[in-house]
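The values are calculated or read from the model by the stated rules, or taken from the named source; none is laboratory data. Everything numeric in this text was worked out from a predicted model, so none of it was measured. Cβ: placed from backbone, ideal geometry, glycine included. Neighbour counts: every protein chain shown. The accessibility values were calculated without ligands, DNA or RNA, using every heavy atom of the protein model including side chains. Shrake-Rupley method; radii C 1.70, N 1.55, O 1.52, S 1.80 Å.
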Amino acid sequence: MAATLERRSIDPVPETERHGHPRSLFTLWFAANMQITSAVTGALTVLVGVHPLWALVAVLGGNVLGGIPMALHAAQGPKLGIPQMIQSRAQFGVYGAILPLVLVVVMYLGYFASGNVLGGQAVAEITGLPTDASICVYAALSALIAIVGYRLIHRFGWVASALSVVVFVYLTIRLVSGHDLGAVLGAPTLDFPKFLLALSLTASWQLTFGPYVADTSRYLPSATSVRETFWWTYGGTVLGATWAMSFGALAYAVAGKAFKGHEVAYVVGLGGEALLIPLLLAIALGKFTVNVLNIYGGYVTVATALTAFSRKAALSQGARVGYIAVVGVLGGVIAVLGRGEFLGNFVLFLDFLLYFLTPWSSINLVDFYLVRKEAYDLEAMYDPNGRYGRWAAPALIAYFVGIAVQIPFSNVEGIFVGPMAPLLGGADISWLIGLAVPGAIYYGLQRRASLLTPSRSR
C-alpha cells in the first residue's frame, strides 16, 4: 500500500508527475455537492419564508453566482501545482498568510465534524454500532482515504457521483410522484428581501469551497487550459448543488416539520422499508466525498501555517500521515462532543467565518488573474526572506477593510445584525461586498506599488 500513497504534500508537483484530464473535476465536485447537507441547505431557502417556486430560483441563482469564484480558484491548480493556501503567501507574505490560514483550519474542522455526525448516524443505523463509535469509524475511514491521497480521492469521487445520480433520481421521482407539487408551487409571491437572503445562503455554500479547490486540480498538467478547468469544475459543483438543494427545498415545502430536524429519516423514508439499508449506505457514501476533501484540505492548511516558520517546502511521508491523523482525531472528537446543541452553534460560527474568507478569495483571485497574471516565483513562497516577504501590506490592508465594509450588511442570526440588513428585510448581502471591495482595493494598491510590471513576473 505504501507505494500507492501520495508523495507530495505542500511542495510543488513536478511536471513529470502531472496527469489526468479536468473532466475528473466534474465527478469529484458533483459528488461533493450531491449529498444530504446540500439538501438541508436547500430546505433553508423555504424555511426563511421564501415561496417554494422562488426558492428554486434562489437555489439556481446562488449556485450560478457563487460557483464562479469557486471554479476560478480551481484553475489555479494546474498552473502552479501547489496547494491553494500556499499560493496565498504571494499576496499576504509568508507570515501574513497565517491569518486566513487559521480561519480556514477552523472551517475545515467544523465541516469535517458535522460530516462525521451525519455520516456516523447513517453508519450506526446500518451496523447497529453506538453512534459515537460509528462517528469514530466514519472519521477514521475518511482519514485513511486522505492518507492514500489524490488519486483515490478522485476515483472515489467518480463512484460517488454515479451512486448519487441513481439515488437522487429515484428520490426525486418518489418526491415528485408522491405529492401535488402544482399546488405547492402555485400562486408564487415574491418577497424580495427574503429572496436575497435565500440567494445568499446558496451562494455562500459555493464560496466556502474556495480555500481548497485548487488542491484537487494541482496534479493536472500545467498545459491544461484555464477554461477547461473552470468549466468542468463549475459544471460539477453547480449541477450537483442545484439538484440536491432543489430536492431539499421541495422536500421541506411538502413535508415541513417532518423534514426539519429529521432529514436523514425523511429521505430514507421516501424509499420505503425495503430500501432502508441501501439508502442509508448511499447517504453515508455521499457525505464521504466532501468529508475526505475537508480532512485533506485541513492537513494541507495546518502544514502550510506551521512550515512558514520552519521554511520547509515538503513533508516527509511520516509527517504527512501525522498531520492527517491530528486533523482526523480533532474532527472526530469535536463530532462526538458536539452531537447536541454545540454542533449547531459551531456550524453557525462557521457561517460567521465566511465574512473573513470572502475577502481572502477576492484578493487571491485578483492577484492571480489581474495582478501577476498567473506568473509566480514558487521558491519564494517558501522563503520569508524571498520576494514575497514576511508580511505584505497591500493584501493585509485590503483584507481588513474588506471585513469592515461587510459589517453593516451582515446578519448572523443570534450573533449580530448590521444596520443595513434590516433595511433589506434581513437579507445578508455582505458576501457581495466582501467579493467586490477588497479585490478592488488590493488591485489599486498593487498598481501604486508598481507590481504589475513584467520584470516582477517569473
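Taking the C-alpha atoms only, the angle from helix 23-33 to the longest principal axis of the chain is near 50 degrees. Counted over all Cα-Cα pairs of region 22-93, pairs farther apart than 13 Å make up 75 percent. Quick check on region 68-216: take the gyration tensor over C-alpha atoms, sort the square-rooted eigenvalues as a ≥ b ≥ c, and tell me if it's rounded (a/c under 1.5), prolate or oblate. Here region 68-216 falls in the oblate category. Using only Cα atoms and rounding to the nearest 10 degrees, what angle (0 to 90) does helix 192-207 make with the longest principal axis of the chain? So the inclination is approximately 60 degrees. Roughly how tilted is helix 52-74, in degrees to the nearest 10 and between 0 and 90, from the longest Cα axis of the chain? With both axes taken from Cα atoms, the answer is about 20 degrees.
Under the Kirkwood approximation applied to all pairs of distinct alpha-carbon atoms, what is the hydrodynamic radius of region 1-58 in Å? If you can, show how the numbers build up before the last one.
Numbers: mean 1/r = 0.0649 Å⁻¹.
Evaluated over region 1-58, this radius sits at 15.4 Å.
Heavy-atom accessible surface of ILE277, to the nearest 10 Å², is about 80 Å², with a 1.4 Å probe and all protein chains retained.
Test of understanding: express the Cα radius of gyration of region 1-125 as a ratio to 2.2 N^0.38 Å, with N the residue count. Write down the numbers at each step before the final one.
Working: Rg = 18.4 Å, N = 125, 2.2 N^0.38 = 13.8 Å.
Rounded to two decimals, the normalised Rg is 1.34.
Shape of the chain from the C-alpha gyration tensor: oblate (a/c of 1.5 or more and a/b not above b/c, with a ≥ b ≥ c the square roots of its eigenvalues). Calculated mean residue ellipticity at 222 nm for the chain: -22500 deg cm²/dmol, from DSSP H runs with n ≥ 4 weighted as -39500 (n - 2.57), summed, divided by the residue count and rounded to 500. The share of Cα pairs per 5 Å bin across region 265-328, counted from zero up to the longest distance, runs 4, 16, 18, 14, 10, 8, 8, 8, 6, 5, 2, 0 percent. Placing unit charges on the Cβ atoms of the charged side chains and taking the dipole of the chain about its Cα centre, the candidate lying farthest along the positive direction among TRP232, THR45, VAL123 is TRP232.
Taking the protein heavy atoms of region 28-173 in the context of the full set of protein chains, the accessible area attributed to carbon and sulfur is 79 percent at 1.4 Å.
Go through PHE195, PHE309 and list them by solvent-accessible area, largest first, probe radius 1.4 Å. Spell out each step's value before the answer.
Working: PHE195 30, PHE309 130 Å².
So the residues, ranked largest to smallest area, are PHE309, PHE195.
Entry note: region 214-303 has Rg to Rh equal to 1.10, where both radii use alpha-carbon atoms and Rh is the Kirkwood radius. Each 10 Å bin from zero up to the one holding the largest Cα-Cα distance in region 164-322 carries the following percent of pairs: 8, 27, 30, 22, 11, 3, 0.
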